[in-house]
1. What spacing in nm lies between the two simple spin-label points modelled at R22 and K95, each 7 Å away from Cα in the Cβ direction?
2. With label points built 7 Å along Cα→Cβ from the Cα atoms of A102 and D81, find their separation and express it in nm.
3. How high is the FRET efficiency from N2 to A40, r the C-beta distance, R0 30 Å, rounded to 0.05?
Amino acid sequence: MNDLLAAQTHAVDNRAEIDTSRVCGCFCCMATFEPQEIVAWSGLDAADFDDPQALETSGTALCPRCGSESVIGDASGYTIDGRFLGRMNEAWFQKTIIRPPAAKPVK
């Protein structure tokens with residue numbers, strides 16, 4: 001799997017990983033911040049609204065700067081710096097192809 005595709009999987013349902021990170025970054029606005037700055041999470045299932053444990057253990061981090069669901073923490077194993085966030089931004093928000101398209105059948 002392409003390393004950028006693999007990295008993107010750490011931006012979804014990432015609360016546990018964010019909670020163990022020392023630094024986080026957003027590959028939409030390319031800001032870096034401490035995980036404690038994250039105050040909003042998406043992805044909580046409606047059935048879990050009354051479950052306090054679900055509120056504390058699940059969800060996808062929203063960037064405290066731009067609100068995007070494009071947050072990744074260093075507990076993912078990736079170095080959260082400008083170079084990495086720039087590569088991710090280019091791949092996900094600038095429409096750069098990160099893998100070749102499938103060959104078209106010959107007619």
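Just so you know, all these numbers are worked out from the coordinates, no wet-lab data involved. In this text the structure is predicted, and so the values were computed from the model without any measurement. So basically every Cβ, Gly included, is an ideal-geometry build from the backbone, and we count neighbours across all protein chains shown.
1. Rounded to a tenth, the inter-label distance reads 4.0 nm.
2. 3.8 nm
3. 0.55
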